[in-house]
Amino acid sequence: MKHIPNILTILRLFACPLLIYLFYSNVHIFENKNITLIALIIFLFACITDFFDGYLARKKKLESNLGKILDPIADKALIITISILLIIYGIGLPKTPFLIIILREIIVLSLRYDLSNADKSINVNLLSKFKTVIQMIAITSVFIYYIYDKGKYSYFFENTSIWLLWFASIVTIFSGLQHYRTYLNLRKNDTTN
């Protein structure tokens, strides 16, 4: 029971190469609704593991040092992987929100790494959790748009997914700025001690 959160985190990491393979082996992935649906199911499964590993770790007191390291890496790997794939294979989508999301995730990961060398860490806050949820919803909406492309509600899903992507990128910027301020404060305290 105590290893379940870590197993869920590892499953989320395994979703990344699986998605890469699915996109790479189906260059025109979004022209095939069935393959698009499979990619969406894999992505949603990975998102669900994110919720449950955190829930089990906190509520059932199953937190571990490995989980504290792996969980943010798995989250960022999933979001960065799917963002890159959508930049490469997505048609008719703005690329800038994905680039903002990727850049923020890489910067925050490097800030966390720098602080880990000083035995400090940036705690996950409510805005970070909200940011992750919004990113996952926005990316899910992109898949739904491609599944309904040229269908009855295509225009609605296209506009909704684009608005959600831009909203997710704005929340991502604010979350990144908040983490950067926290990083500077922790570094400042480190030099004054």
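The values are calculated or read from the model by the stated rules, or taken from the named source; none is laboratory data. These numbers were taken from a predicted model, which means no experiment stands behind them. Please note: Cβ atoms are built from the backbone with ideal geometry, for glycine as well, and neighbour counts cover all protein chains shown. When the accessible area is computed, the model is the full protein with side chains, heavy atoms only, and any ligands, DNA or RNA have been set aside. Shrake-Rupley method; radii C 1.70, N 1.55, O 1.52, S 1.80 Å.
Only one entry of Tyr148, Tyr89 meets the criterion of being modelled with pLDDT under 85 and aromatic (Phe, Trp, Tyr), and that entry is Tyr148. Residues in region 53-63 that are surrounded by 13 or more Cβ atoms within 10 Å (Cβ to Cβ) and either at pLDDT below 70 or of a type in the set (A, V, I, L, M, F, W, C) (or both): Leu56, Ala57, Leu62, Glu63.
Of all residues in region 11-27, none that is on the phi > 0 side of the Ramachandran plot has its Cβ atom under 7 Å from the Cβ atom of a residue that is open to solvent by 60 Å² or more (accessible area, probe 1.4 Å) and among the β-branched types (Val, Ile, Thr), 6 or more apart or on another chain. Residues that are among the charged types (D, E, K, R) number at least 3 in the following helices (runs of 4 or more DSSP H) confined to region 1-113: 33-59, 65-89.
Applying the set (1) under 22 Å from Leu37 (Cα atoms); (2) touching a residue at least 60 places away in the same chain (Cβ under 8 Å); (3) surrounded by 15 or more Cβ atoms within 10 Å (Cβ to Cβ) to Thr160 leaves exactly one unmet item: (2). Of all residues in region 116-151, those satisfying the criterion of being among the β-branched types (Val, Ile, Thr) and either touching a Lys or Arg at 6+ places or on another chain (Cβ under 7 Å) or assigned to a loop (DSSP other than H, G, I, E, B) (or both) are Ile122, Val124, Ile147.
Among the residues making up region 1-30, a single one is open to solvent by 70 Å² or more (accessible area, probe 1.4 Å) and of a type in the set (D, E, K, R): Lys2. From the list Lys95, Lys33, the lone residue that is surrounded by fewer than 18 Cβ atoms within 10 Å (Cβ to Cβ) and either in contact with a Ser or Thr (Cβ under 7 Å, 6 or more places away or on another chain) or without any contact (Cβ under 8 Å) to a residue 24 or more places away in the chain (or both) is Lys95. Of all residues in region 75-92, those being under 8 Å from the mean Cα position of the chain (by Cα) and open to solvent by 10 Å² or more (accessible area, probe 1.4 Å) number 4.
Specify the residue that is farthest from Leu19 (Cα to Cα); the eligible residues are those in region 64-74 that are open to solvent by less than 60 Å² (accessible area, probe 1.4 Å) and modelled with pLDDT under 80. Walk me through how you get there before you give the answer.
Residues of region 64-74 that are open to solvent by less than 60 Å² (accessible area, probe 1.4 Å), as a first pass: 64, 67, 70-72, 74.
Keeping just the survivors that are modelled with pLDDT under 80 gives 64, 67.
Working: Ser64: 27, Gly67: 23 Å.
Checked region 64-74; the qualifying residue farthest from Leu19 (Cα to Cα) is Ser64.
Condition check: out of contact with any Gly (no Cβ under 6 Å at 6 or more places or on another chain), among the hydrophobic types (A, V, I, L, M, F, W, C), open to solvent by 10 Å² or more (accessible area, probe 1.4 Å) and farther than 21 Å from Ile41 by Cβ. Does Leu115 satisfy that? Against the criterion (out of contact with any Gly (no Cβ under 6 Å at 6 or more places or on another chain), among the hydrophobic types (A, V, I, L, M, F, W, C), open to solvent by 10 Å² or more (accessible area, probe 1.4 Å) and farther than 21 Å from Ile41 by Cβ), Leu115 does not qualify.
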